[in-house]
């Protein structure tokens, strides 16, 4: 620990900008202390402090000359690395049907962050876990984050909305920074935490801190810890929150909540994003941007044209249970770092700590399963498609086609995984793999929206964008050796087809396979010819039913669960299902009556998978990201949340 | 006896909806009317009871083409009622944003609405097939005007920053410098525009105009004036304008028509401004007027396209000069206590004199509002000009004659949406407690 | 053809019954075989027999919009023609869609049996109720567009 | 394509002419068959693939015209606050407009007006409603582009706050109690007002799930009196349901 004179701050700012670094530090702007590019110590908010209350933030003059005599302003390091809006790629669709994609990669830019508090260091670590340390790495975030010099400041006083002590993230800086400062009226204590920090410190004129200095620091930090304006009880908060999904408080807070998204915008860890395509007038070129999104907006939970979380009540519950609950199982740390920004910048002044306390009156705890880790190893995911060519188009029914796609250098895929298919200027959607046809990867698509319609209209030779495969597929290994019941509804047969093919090709491993398949009408039955071909395989049983038909149909009429009801299944059978949520719900009940327990059922979850990399937050489902932890789940992993409204 | 009627049921390339009809019998015009059937929108009625701070946002909605004129006239009138004095720095910004509106509106009118008449096209888009560079220039000039408004006010239509006392936020020097080059090019290209406009074939028509424009400052009138000058009649303080002109409701129109008290129609707009203030044009624009031998008094309404083009140069040159000497005002607006009072304000909208009068209650809410837009002042004059035009149409083929008459009306850049903002509800209110 | 009580006892319809009751039921029931295409009853017919499917398939169709629609097919262990238990005319047409062996019980005799012994009556009605309720749930699922939109 | 106008200020159709960089390209892709403000070539009775309607219905003839337009349009898109919520002229709604006129004019039937100014959707089905007073140029291009290539327009129904925060603006409500409708207002303007140091006045109308009562509660805590609350919600988009109701609540 060293001590520097206040005048050395100028030198510190100067040194931090060497090697072309942009220095980002606190500065007064429009009535608040903002983080912005600064060049000299004179840009720092010397003599300013902040006064915060729920829904209220004011600057106030101090008599002193401290530059860091405030707690946190509305913005954080988040926007330095995870940009509020940034272009991902430019896409082009040429007249001859060919497509091209050009990634837009940010210019490498070196930064130095000055004045970062312990809570925000924790937030940076949380975002690193999302964007860099998972199975998929966001190269844009990673490149901006990679070469950043961090000069942190110990908090020696706490704000009225601070609760980092409760969250275990502050007020003292322990790691995550190169240098840590503690500011007094006339001087600062400074400590290097990394070699880079040491190198920088060596160029300042400093002297060894005295024992009294060290005592002052300890006492100040302790007094800050003791004077936190807010407090939360984090014990088993995850289990406690998920035990209160029906608590009347959600409704009550929804009456006050504007669902405006300010809390998520100012939160230093919230990472949800969406994309926006801008195409030119003839749709021949398009640019895709990624931008900050909020779980408080309707679009964020949109699934096939309706919002899964249609009400503010559900959205607030989603936010809080994720931030303080599910986050822990996803990333190993809470999504809340105790900075208090969501309280100050909520126009309605909703206080997270108060809501949490009100929801924690009961000791009830939910049993929360932990997601199986994604099998993928770490890799860069720039979310840029590459061109693929349509090899063949097979019409399956009036509104369903199967495209066989030639994908350059394809990574191997497993049954149940999905690709993101896109047409420049129209959009992108997750489509599960329905099989392999020679060199082609097959996707079976029903025309329901503008993109799927456009996909269904593609002809052999034309191109589209693909990225993938993504996600966790069917548990082929767990299914081996046991009787397998396959239940499919409508187009839900598509993600199961490749699994069926693999099982039928290997009767040794899969001696007993029974397919129960329901469709709306006989005309909607997929792969009819292929299925009939399967029926002579030993150990395969096929039951088909339709919802309605003409009287000439000699087969079953009725829902697929009725087929199951009529059947018996062998002991120890395993089941894999795919269909709409409602169908799967009833199928699971029927299976249970037949003795198939929840731990022997796998299903695919319906959520809108947008980025497919676990970064955009769109397909959040309790403790899971459907795109990376699913879409196939073992039912007992999701049973407590499955079929529940607004999850 | 010969009788011919020239009429158009839906006027095109004007703002808003109107029709005209011109009947000539035995070489004499027996009926000329510009009928405005645009639905009335009652602005003056619902301004009543609003706070002074709502007025600029509401009156902007009278017109999508010249919202700034409405905001500025209103702000002036309200400031005079409240006894507020803005600073010269704020006034500079006002002049600047007003220049933007002139540029955007004049460029729209010259290139998109009026030029197709001279060159024989139905629209600028059609004209672009044969005259692409010309139309592109028009779009470019218009865009630069819009950009200027955006930098100061956020968006071209209904900008958000103008307010009573000034602006909610003044533009930074850097933001203005970023468009400085466009403005400089605008000066050049608008000069070319005026030269081109001067070469257009002008139908013959000479009218005996009474010109009305604001006056009272050393500048070519734009965002401010203390008096209103009427050619051959004299000058009146802005406060007295309501006594000098009278508005009446004519049966064929949803808009009121204004004339001088003795019933004389008058003209406001570019020709009127040039008539009273040619010598005050920005030197660049004045030199251009000299080069084109443009007299102070232009009595051929078709030739207004040239006057507009010269004003376009004036606006670009003014804007450029303001940007070059601009320093961001310390204070973007001035504030004062609310009080009861009456205030008047007049500015020069692109298409002419725009006069506002407000009565405020003690809490600063509007007790009564009167807005006299340029088009309703010009409407009587337009009808008179149709009468003057009538005889010369007799010899023409019907369609061409109709087009010629429509072209004449278009020369005034009538803004019908503005003209029908009212139906004088304050008259009615006297009957209803 | 009379039905052996042992065959009857295999059906869930009879599972709730005591051996005595089961024998009583067998007495009034008959076993019949139908080829594919045979019509058991038509929509609008007067009440008649109640059928239990031993084997094969019976499809119910209803008239709508000038045509005939298949709405439900029934197989082994399922009940056909419950409306007769309520003295109602037939609500659908029942056609054998795959050669079937059925148990036919005259509704009047069955109801008489139920009247005679309320315990038997309760068991039979409970079974019929469960069956009808399952069909109601199925119908609701169809209303929810079971196979909905999945891209 | 046809562009039709009802009661309005022309600002939204002017926005189409304000697409200076795209206008000529658009004209090459789309036949603009009826656009009186821009062209003398008219086709008032033709059929259209796409019709843009500006303005509200505030006179009987406009109602008739609208029904006729709808019958001839494959897709009808309303542009702007007037067509989408009745516009600023909806401020007259609830006042005895006809009574006023009848008491003054000898031939009141000549002054053709309705008591209320209503949105297009109150009279005919609308395929897409583009918000704003005026509409935003980029959003207009986006809607046209999306319709041309057959996809759903990328128009977000989130709050103005989301745009405001992405731009890094400081919140005027939190830092200085400036009444701002941003939290309940539909995004699309680019958070203009807060960017210009003033509170949003709601010209894009209410966002989905607009919790106006919660915002009104905040304004009241900051000392706003009922008459001011009424004025705040009764602005440019006074006819929009959520704002209308909130205004009435404080009357």
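Some notes on this structure:
- For residue B:398 and residue B:28, the FRET efficiency from 1/(1 + (r/R0)^6), where r spans their Cβ atoms and R0 equals 25 Å, is about 0.85.
- Potential lengthening between residue A:252 and residue A:508 on full extension [0.36 nm per residue; Cα-Cα distance subtracted]: 86.4 nm
- By DSSP, the beta bridges lying fully in the stretch A:124-204 are antiparallel in about 60 percent of cases.
- Pair residue B:296, residue B:174: separation of 7 Å Cα→Cβ label points (nm): 4.7
- Residues within the reach of a label modelled at residue C:91 (point 7 angstrom out along Cα to beta-carbon, backbone nitrogen below 19 Å), restricted to the stretch C:58-73, are C:58-65, C:68-73.
- DSSP-defined antiparallel bridges as percent of all bridges, the protein assembly as shown, nearest 5: 75
- Sites residue D:31 and residue A:85 - FRET efficiency at Förster radius 51 Å, r taken between beta-carbons, to 0.05: 0.90
- In range of the label at residue C:132: residues from the stretch A:586-610 whose backbone nitrogen is under 16 Å from the point 7 Å along Cα→Cβ: none
- If a spin label sat at a point 7 angstrom from the Cα of residue C:33 along the line to its beta carbon, the backbone N atoms of the stretch C:80-114 nearer than 14 Å would be those of C:99-103.
- Inter-chain Cβ neighbour count for A:248-258, averaged per residue, equals 3 (cutoff 10 Å, partner chain atoms only).
- Annotation: the residues D:45, B:53, sorted from fewest to most other C-beta atoms within 10 Å of their own C-beta, follow the order D:45, B:53.
- Whole-Å distance, taken between Cα centres, linking the stretch A:528-592 and the stretch C:1-51: 27
- Span per principal axis, largest first, for the Cα atoms of the protein assembly as shown (Å): 122, 107, 65
- Relative contact order for chain A, counting Cα pairs under 8 Å that sit 6 or more residues apart, in percent: 13
- Note on chain B: GNM, Cα springs under 10 Å; of B:343, B:352, B:64, the largest mean-square fluctuation is that of B:64.
- Taking other C-beta atoms within 10 Å as the exposure proxy, B:139, B:205, A:421 rank B:205, B:139, A:421 from fewest upward.
- Residue A:175 versus residue B:4: modelled label distance in nm, points set 7 Å from Cα along the beta carbon direction: 9.4
- Estimated at 0.36 nm per residue, the fully extended path between residue A:239 and residue A:212 surpasses their Cα-Cα distance by 5.3 nm.
- For chain A, share of DSSP beta bridges that run antiparallel, in % to the nearest 5: 70
- For the stretch A:110-154 and the stretch D:157-212, distance of Cα centres in Å: 29
- Each residue in D:35, A:331 was given a count of other beta-carbon atoms within 10 angstrom of its own, and listing them fewest first yields A:331, D:35.
- Length-normalised contact order for the stretch A:294-425 - Cα pairs under 8 Å, 6+ apart - percent: 10
- Relative contact order of chain D, taken over Cα pairs closer than 8 Å and 6 or more residues apart, is 17 percent.
- The GNM of chain B, with springs linking C-alpha atoms under 10 angstrom apart, assigns the highest mean-square fluctuation among B:278, B:286, B:129 to B:129.
- Chain C - convex hull of alpha carbons, volume per residue in Å³: 125
- Per-selection Rg to Rh, chain A - Cα, Kirkwood hydrodynamic radius: 1.04
- The stretch B:201-236 and the stretch A:597-647: distance between their alpha carbon centers, rounded to Å: 74
- Sites residue D:248 and residue A:636, calculated FRET efficiency, Cβ-Cβ separation with R0 45 Å, nearest 0.05: 0.30
- Over chain B: helical MRE at 222 nm, DSSP H runs n ≥ 4 each giving -39500 (n - 2.57), nearest 500: -14000 deg cm²/dmol
- Summarising the label geometry, the points placed 7 Å from Cα in the beta-carbon direction at residue D:47 and residue B:185 lie 4.4 nm from one another.
- Within chain D, helix-based [θ] at 222 nm, where runs of 4 or more DSSP H residues each add -39,500 (n - 2.57), nearest 500: -10500 deg cm²/dmol
- Cβ neighbours within 10 Å from other chains - mean over D:183-194: 3
- Calculated [222 nm] ellipticity per residue, helices only, for chain A: -6500 deg cm²/dmol; basis is -39500 (n - 2.57) per DSSP H run with n ≥ 4, divided by all residues, nearest 500.
- Within a Gaussian network of chain B (alpha carbon springs, distance under 10 Å), most fluctuating of B:149, B:179, B:416: B:179
Each reported figure results from applying straightforward, stated rules to the coordinates on display, with no laboratory input. All of these numbers come straight from a predicted model, not from anything done at the bench. Please note: Cβ atoms are built from the backbone with ideal geometry, for glycine as well, and neighbour counts cover all protein chains shown.
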